[in-house]
Amino acid sequence: MTIFWTEDATLLAAILATLLPFVSFVLIMVLTRARPRLSAGLSIVAVTVSLGCALFLLVRHWNLQRPIQYTGRWLASTSVEIPFGFLLDPVSLLMLVVVAGICFLVQVYSLGYMAGDYGFSRYYAFMSLFAWAMLNLTLSPTILQLYIFWELVGLSSYLLIGFWYEKFSATQAGKKAFVMTRAGDVAFFLGLLTVLVHLGNFNILEMNGPQAVAHMSPAILTLSALLVFGGIVGKSAQFPLMTWLPDAMEGPTPVSALLHSATMVAAGVYLFARLFPFFSLSPTAMTVFLAIGTISMLLASTMAMVDRDIKKVWAYSTISQLGFMIMALAAGGYFAGAFHLTTHAGFKALLFLCSGLFIHCHGTNDIYELANHQCRRQRIPTICLLIAAAALSGLPPLSGFFSKEAIMAALAGLSNPVWLAAGLLGVFMTAYYAFRVIFVISFPKPPAKGSESRPDSSASGHDGSHLPPEYCVMAWPLIILALITVLLGFFESPLKHFLVGRLIAGEAHESGALALVPYLALALSVAGVGLAWIEFGRRGAARVGFVERIPPLHKLFAERWYIDDFYRLFVDRVIDRGISTLFYENDNKVIDGGIDGMCKGTVEGGRIVALLNSGMIQYRLLVTFAVMVLLSLYFFF
Amino acid sequence: MIVPFSHVLMLAGILFLLGMFCAVARRNLIMIVLGVEIMLNAASIAFVGASVRWQSLEGQSFVLFILAVAATEVSVGLAIIVYAFRRTGSFDPGAYNILR
């Protein structure tokens, strides 16, 4: 494909959008590390241009008929050719805008949040790196290129989670995130190789096209789909590998916002959406995905119901929302999953940024302490938090409502009603835990313990009246995101047309009892809010969740279903004591022993040979004669 | 030629084997040098026999060279043996294992 690139505005925009953050990363790391303001400016300018280009691309290709692909040959082997370039199709364009937009808002927000941090330049450099990796990931035309940027996303999230590296827990969390996602990535890589061996290339369009069926048997398809899904499980923190995400809260809050909404964990679901036709070729794999999505959704919801740390509650809710997306995609609701990914990016970023504002002002993560600090006096973040939580619970006018209804519709289309029931239960729990936080925060403890909390409240009044000077900078992204959250839902049908207009002609409309599903879902989320109101909101409420009344259950949820303990035990028993011991023995006995044996053999051999060379010239003479005789025998006869 | 050539060769071979046995088996340096001399002389007999057999002088000239080499070899060898005897006090080749 030979197109003179300066003439093609689309290509130019794609290059600009994906290259500039990297340029700013390099510039900051090389030149402007000592000048924080300049670094931040560079990074924000870069991401602004990226956002502009992304919007331009989206608008220009709103009526995209078929995917546009620009590739240049990057690596060629005898039979395999791997291109490098851009692939523009509806999902990637939408995701590009989401990523660029969230990156932009978070970077602006970070101007306030990270103000005065001595690692300010470094922070912006990593943010740029993060944005670059994720933007490129969205536009990758081959799954190998996607994998490369996938790893870069993992790297930059590691750097950002462990940003405050003096804190031991932060470095540990970064390491944990990196290692656990790596565990999934190994499976992903094996899946890549399977695809390469059987399909012959990494091209996403070919994987999604009819070639995949032609070249791969059903068993191989299922195998490779499951392996690739392993990467998604790691990245999107799904069931077996979910525990890294709550720990990743050790990073700065804007990082969490970015990580949870648009970049790191969204990459997994995005990959699913990107390879959706490929995955849907294997019904077995899709059922497994559905189960994994459901399990992680339910588990994470239960964890979120008991945690007191505001960021961790949102972290669990991210896992559970990602579970929802995976359920939707696995149920065949391509649009539902992609749409929920988009809306979730908006309201989850909003949730984190609001919480970040509270944390920044009051210096605590605990929701009860935040309540005692009277943080509801800050009108903007409180209202925004309310909007975001309502969107998370799926209340009507907000974006979350529309996407959640789409997911429920997709689940209702399945023959097995278990999935729908699980989804509805998830909706209920989501509303409950979201509004538990809201009610706890906005209604501080009644003055039953007034004498204790008196100094607190006076101090917090002081905090509330003197907002930090960077408050305004941090408030604006909140307002923009809140607007997006409110309005995005009404763009459902144009987006649907944009995303799946050509993919599926028309979805079968549900009829009969299934038409009630949206009302049921709505009723359940209202019931969740109501339960939260009864337990935490109303005057004189006990402020104790129903889960906390059952100690074993509470312990189970608070300990995250002992998944971490299981891993610890597993690592300790099986890996440390089992496999490592085996390897240790192998190293000691077999490898060391082998080498020692060789050395000893050489020495002993030398001794034996040295016996011949004992200074007895007559032996040598004898040998010479013997050799001569033998040689003459050989030559003459 | 009165003596058949095969008899000459047989004599030379027997002498050579005797010399070889002497050089390999005796535990005395002087006897080893003696064995080497005997082997040289066996070769010389074979040469002389051959020169008579084919009526050519090259064999005899070789014998002259062999005699010269044997004489020098004996002189140098005996000198080394005398020196070695002074060092170790023995004629046994097994005693010369300092370099071992």
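Among A:Tyr584, A:Phe636, A:Leu51, pick out the residue whose Cα is farthest towards the positive end of the charge dipole of the protein assembly as shown, where Lys and Arg carry +1 and Asp and Glu carry -1 on C-beta, about the Cα centre.
The one lying farthest along the dipole's positive direction is A:Tyr584.
Going by alpha carbons, how many degrees (0 to 90, nearest 10) lie between the helix axis of A:379-393 and the longest principal axis of chain A?
Orientation of helix A:379-393: about 70 degrees from the principal axis.
Using only the alpha-carbon atoms, how far is helix A:283-306 inclined from the longest principal axis of chain A? Give it as 0 to 90 degrees, nearest 10.
The two axes meet at around 60 degrees.
With the crude spin-label approximation of a point 7 Å out along Cα→Cβ, what separation in nm comes out for B:Ile14 versus B:Gln55?
With each label placed 7 Å out from Cα toward Cβ, I get 3.0 nm.
Taking the Cβ-Cβ separation of A:Phe491 and A:Val59 as r and a Förster radius of 22 Å, what is the calculated FRET efficiency to the nearest 0.05?
It comes out at approximately 0.95.
Roughly how many Å is it from the Cα centre of region A:384-407 to that of region A:577-626, as a whole number?
76
Got a sec to turn the phi values of region B:64-75 into Karplus ³J(HN,Hα) couplings, 6.51 cos²θ - 1.76 cosθ + 1.60 with θ = phi - 60°, whole Hz, x for Gly and Pro?
Result, rounded to whole Hz: 4, 4, 4, 4, 4, 4, 5, 4, 4, 4, 5, 5.
Could you run the Karplus curve 6.51 cos²θ - 1.76 cosθ + 1.60 with θ = phi - 60° over region A:189-195 and give me ³J(HN,Hα) per residue in whole Hz, x for Gly and Pro?
Computed from phi, the couplings for region A:189-195 are 5, 4, x, 4, 5, 4, 4 Hz.
Once both labels are modelled 7 Å past Cα along the beta-carbon direction, what's the A:Ala115-A:Lys175 spacing in nm?
3.6
Where does helix A:417-442 land angle-wise versus the long Cα axis of chain A, in degrees 0 to 90, nearest 10?
Tilt relative to chain A: about 60 degrees.
Within region A:76-184, which GluC sites (Glu not before Pro) sit in a loop by DSSP and count at most 14 neighbouring Cβ atoms inside 10 Å?
A:Glu166
With respect to the cross-link table entries A:Lys167/A:Lys312; A:Lys176/A:Lys312; A:Lys175/A:Lys555; A:Lys176/A:Lys235; A:Lys176/A:Lys404, which display a Cα-Cα separation exceeding 24 Å?
A:Lys175/A:Lys555; A:Lys176/A:Lys404
Go through B:67-80, A:206-219 and give me the packing order, highest mean Cβ count within 10 Å leading.
Ranking, from highest mean packing down: A:206-219, B:67-80.
Using only atoms on other chains, find how many Cβ atoms lie within 10 Å of each Cβ of peptide A:95-107 and report the average.
0
How do A:573-579, A:340-346, A:298-304 rank on mean C-beta neighbours within 10 Å, highest first?
The densest-packed peptide leads the list: A:340-346, A:298-304, A:573-579.
What order, most packed first, do the peptides A:19-29, A:587-597, A:385-395, A:482-492 have when packing is the mean number of other Cβ atoms within 10 Å of each residue?
A:385-395, A:19-29, A:482-492, A:587-597
For peptide B:88-94, how many partner chain Cβ atoms fall within 10 Å of a residue's Cβ, on average?
Per residue, the average neighbour count from other chains is 2.
Taking loop as defined by DSSP and a crowding limit of 16 other beta carbons within 10 Å, which trypsin sites (Lys or Arg not before Pro) in region A:118-222 fit?
Of the trypsin sites (Lys or Arg not before Pro), the ones in loops of region A:118-222 whose Cβ has at most 16 other Cβ atoms within 10 Å are A:Lys167.
Taking the Cα centre of each part, how many Å lie between region A:248-308 and region A:65-131?
Region A:248-308 and region A:65-131 have Cα centres spaced 20 Å from each other.
Summarise the partner chain shielding of A:616-627 as one whole number: the mean count of Cβ atoms from other chains within 10 Å of each residue's Cβ.
4
Throughout, read-outs are computed from the coordinates displayed, never taken from laboratory work. These figures come from a predicted structure and were not determined experimentally. With ideal geometry, Cβ positions are generated from the backbone for all residues, glycine too; neighbour counts draw on all protein chains shown.
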